[in-house]
2 protein chains.
Amino acid sequence: MSSEKELRITLIGAGTIGLSFAALHLTHLPAPSQLTIFDNRPNAEEYIRSNLPKFFQNSSIPSSISDIKVATSLQEAVSNANIIQESGPENLDIKKELWAEVENHAKKDALFWSSTSGIPASQQAQNMQDRTRLLVVHPYNPPHIMPLLELVPSPDTSLEVIQRTQDFWRARNRVPIHIRRETTGFVANRLAFALLREAVHLVDTGVVSVEELDAIVESSMGPRWAVAGPFKSYHAGGGPLGLEGFFKNIGGTVQACWDDAGTPKVGDGWEGEVFKQAREVYGTVDVAERDRITRRLLDVLDEEKGRKRSVDEEK
Amino acid sequence: MSSEKELRITLIGAGTIGLSFAALHLTHLPAPSQLTIFDNRPNAEEYIRSNLPKFFQNSSIPSSISDIKVATSLQEAVSNANIIQESGPENLDIKKELWAEVENHAKKDALFWSSTSGIPASQQAQNMQDRTRLLVVHPYNPPHIMPLLELVPSPDTSLEVIQRTQDFWRARNRVPIHIRRETTGFVANRLAFALLREAVHLVDTGVVSVEELDAIVESSMGPRWAVAGPFKSYHAGGGPLGLEGFFKNIGGTVQACWDDAGTPKVGDGWEGEVFKQAREVYGTVDVAERDRITRRLLDVLDEEKGRKRSVDEEK
């Protein structure tokens, strides 16, 4: 990559994810010297200039927002960029064609990132000449708020490309995690959907309501796992033997829960009642309010990590 | 229950959970007029007086801690109490015998609560004459920090007892949730263990390490679910159709993840590597530090809920 003074980022696709990434790049230093967006919808420029400001709290819109360039062709968008990040439709054919064309116009050492939540880089790269520089950089939505980025390389992605991608995000105080295999759904969604499946089962069998289930998670594992993930939490709960002690003490209960877990399927018939409860309880969720509160929690956690770092450094 | 001025709470069992409940009762108003603890370990009084202060941050030990009474017999402990809460060993025979004896000495309208994480009230009550007043009040550890209490009545528990128990905890700004069936592991642990199972699978198959998996949860669903539980989050993510829209958009990916989910069992052989990684990465977890940070997050969430309430009330 060129020196950071000359960092030019191009975003392809100006949907919710693309614009959220734009907001992230504008607010996390070091900022790019040039941020370009390309989207092939009609009136893309107007659409972007009127929708991007919505990603900021009132009065916190960065002045650099006016420096964003909206490209009118893919070639113009990518030919001078160091990083090309696509957040387009979840469609394999579109992505395959896109990367082949991007490769024709892009600089030799530009990084290629896909925001896909499910189409592996190995499939997206099928029409590329050099498959070493494409990887998935999957955010947890919305990326301008949530710190996680799952880096999912294909078997062809070079270690150097993975390393440069990790360095980029770490410098911006994000949490880029290298996923070592192109697993279905990557990692975060697999974990969340495993819990969701049991949640669906418990509501479907009348043990708790949708609202009660959410209240349980919000007042227990949500805040706990924000501070210490599941392994660390159970390691702390197992006494001197740690995680081993935890499984010694209550491994029987864990297995009993696993044996008794529900296995509903999508389309099984539970949907009617569960969707109805969600509609009745939540109506339209105020996402801006949710994001504002989430940001407050993340600020506390960042501050604590900063403090932790300096305590460690003093030793 | 008598008027709150005369609220007398007796805790049976002074292990980690019992003492954490003592700390909760001392710090969440309205406080009991009398808090009594009974434990049949040798030198119980000395043990309790030296260990309970550890549940408070420096300089925040309430002066009422010296008013705690340590009873020397079960009869003395329970005969005058309005609420009797046991946090003893996880052993059905011990609990069955305990409640039968408690019933002999307790006031007719005293509430009986068990902190068990797995032994249903219907089993614990087998030797009781009046089974209407016992229920499980299962905390998410540690209860003096975490707001959730799972109320799990037996089929014999009276609605009035459930209601009085809910009122008690709501008045203390806790989150008591009525679980409608005596499900294995109740609800919170079933949900957490479902995610843990997939976490074990992903580490066992080398997709991520223990530390990386925790970092993923800490930077994504932890803070997200602290603010909005899984149903509310996906309802928000589904556009105008809510949860239904979410499943319309990515139900295929959800089912693909469910189909591909791992099903490790306790004792399957994955333990060696997973326990080793946890030991190497975490050593001994600083639980006081974890609790201090968790409390900061919960304070933010409480403040936001307070603000939300007053905004709603103004309408």
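All of (1) of a type in the set (Asp, Glu); (2) surrounded by 20 or more Cβ atoms within 10 Å (Cβ to Cβ); (3) not in a helix (DSSP H, G or I) hold for B:GLU198 with one exception: (3). Taken together, the criteria exclude A:GLU212 from residues that are facing chain B (nearest Cβ under 7 Å), touching a Pro at 6+ places or on another chain (Cβ under 9 Å) and under 27 Å from A:LYS265 (Cα atoms).
Could you check region B:272-286 and list, in sequence order, the residues that are surrounded by 13 or more Cβ atoms within 10 Å (Cβ to Cβ) and part of a helix (DSSP H, G or I)? Those that are surrounded by 13 or more Cβ atoms within 10 Å (Cβ to Cβ) and part of a helix (DSSP H, G or I): B:GLU273, B:VAL274, B:PHE275, B:LYS276, B:GLN277, B:ALA278, B:ARG279, B:VAL281, B:TYR282. Condition test on B:GLU6, is it in contact (Cβ under 8 Å) with a residue 60 or more places away in the chain and charged (D, E, K, R)? Yes. Taking the condition surrounded by fewer than 19 Cβ atoms within 10 Å (Cβ to Cβ), closer than 22 Å to A:GLN255 by Cα and either free of Cβ contacts under 8 Å to residues at least 12 places away in the same chain or more than 8 Å from chain A (Cβ to nearest Cβ) (or both), does B:ASP167 pass? Against the criterion (surrounded by fewer than 19 Cβ atoms within 10 Å (Cβ to Cβ), closer than 22 Å to A:GLN255 by Cα and either free of Cβ contacts under 8 Å to residues at least 12 places away in the same chain or more than 8 Å from chain A (Cβ to nearest Cβ) (or both)), B:ASP167 does not qualify. Quick one: is A:TRP225 modelled with pLDDT of 95 or more, surrounded by fewer than 21 Cβ atoms within 10 Å (Cβ to Cβ) and among the aromatic types (Phe, Trp, Tyr)? Judged against the criteria, A:TRP225 is not a match.
The sole residue among A:THR165, A:THR183 that is in a loop (DSSP other than H, G, I, E, B) and among the hydroxyl-bearing types (Ser, Thr, Tyr) is A:THR183.
Scanning region B:216-232 for residues that are among the charged types (D, E, K, R), over 29 Å from the mean Cα position of the chain (by Cα) and over 30 Å from B:GLY272 (Cβ atoms) turns up nothing. Inside region A:31-74, can you point out the residues that are of a type in the set (Gly, Ala, Ser) and either at positive phi or surrounded by fewer than 15 Cβ atoms within 10 Å (Cβ to Cβ) (or both)? The answer is A:SER50, A:SER59, A:SER60, A:SER63, A:SER64, A:SER66, A:SER73. Restricting to region A:30-47, and then to whatever is outside any loop (DSSP other than H, G, I, E, B) and charged (D, E, K, R), can you tell me which residue is farthest from A:LEU11 (Cα to Cα)? Residue satisfying both the conditions and the ranking: A:GLU46.
Quick check on my filter: what residues within region A:215-261 are free of Cβ contacts under 8 Å to residues at least 12 places away in the same chain, facing another protein chain (nearest Cβ under 7 Å) and not in a helix (DSSP H, G or I)? If the condition is that a residue be free of Cβ contacts under 8 Å to residues at least 12 places away in the same chain, facing another protein chain (nearest Cβ under 7 Å) and not in a helix (DSSP H, G or I), then A:SER219, A:SER220, A:ALA228, A:GLY229, A:GLY242 are the ones that fit.
Evaluation of B:LYS305 against the conditions (1) modelled with pLDDT under 95; (2) within 25 Å of the chain's Cα centre (by Cα); (3) surrounded by 19 or more Cβ atoms within 10 Å (Cβ to Cβ) shows that the sole unmet condition is (3). Report yes if B:VAL203 is facing chain A (nearest Cβ under 7 Å) and in contact (Cβ under 8 Å) with a residue 12 or more places away in the chain, otherwise no. When the stated conditions are applied, B:VAL203 does not pass them. Consider A:LYS276 carefully, then state whether it is closer than 17 Å to A:VAL207 by Cα, free of Cβ contacts under 8 Å to residues at least 12 places away in the same chain and not polar (S, T, N, Q). So A:LYS276 fits the description; yes.
For region A:148-164, does any single residue satisfy the condition of being within 26 Å of A:ALA22 (Cα to Cα), in contact (Cβ under 8 Å) with a residue 12 or more places away in the chain, under 22 Å from the mean Cα position of the chain (by Cα) and facing another protein chain (nearest Cβ under 7 Å)? Yes, some residue in region A:148-164 is within 26 Å of A:ALA22 (Cα to Cα), in contact (Cβ under 8 Å) with a residue 12 or more places away in the chain, under 22 Å from the mean Cα position of the chain (by Cα) and facing another protein chain (nearest Cβ under 7 Å).
Confirm whether A:ASN189 is more than 7 Å from chain B (Cβ to nearest Cβ) and within 24 Å of the chain's Cα centre (by Cα). No, not satisfied.
Residues that are under 26 Å from A:GLY245 (Cβ atoms) and outside any loop (DSSP other than H, G, I, E, B) occur at least once in region B:262-271.
Yes/no matrix, rows are residues, columns are (1) of a type outside the set (Val, Ile, Thr); (2) farther than 20 Å from B:ARG170 by Cα; (3) out of contact with any Leu (no Cβ under 8 Å at 6 or more places or on another chain):
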residue	(1), (2), (3)
B:GLU6	yes, no, yes
B:LEU11	yes, no, no
B:ALA22	yes, no, no
B:GLU46	yes, yes, yes
B:VAL78	no, yes, yes
B:TRP99	yes, yes, no
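Scanning region A:175-186 for residues that are in contact with a helix residue (DSSP H, G or I) (Cβ under 8 Å, 6 or more places away or on another chain), in contact (Cβ under 8 Å) with a residue 60 or more places away in the chain and more than 7 Å from chain B (Cβ to nearest Cβ) turns up just one, A:GLU182. Candidates in region A:73-86 are the residues that are out of contact with any strand residue (DSSP E or B) (no Cβ under 7 Å at 6 or more places or on another chain) and polar (S, T, N, Q); of these, the one that is farthest from A:ARG133 (Cα to Cα) is A:SER73.
Candidates in region B:84-97 are the residues that are buried (at least 23 other Cβ atoms within 10 Å of the Cβ) and not hydroxyl-bearing (Ser, Thr, Tyr); of these, the one that is nearest to B:TRP169 (Cα to Cα) is B:ILE84. Those helices (runs of 4 or more DSSP H) of region A:51-132 in which at least 1 residues are under 22 Å from A:ILE179 (Cβ atoms) and touching a residue at least 12 places away in the same chain (Cβ under 8 Å), considering only elements entirely within it, cover A:92-105, A:121-124.
The values are calculated or read from the model by the stated rules, or taken from the named source; none is laboratory data. Remember, it's a predicted structure, so these values are computed and weren't measured experimentally. Every residue, glycine as well, gets a Cβ built from its backbone with ideal geometry; the counts of neighbours run over all protein chains shown.
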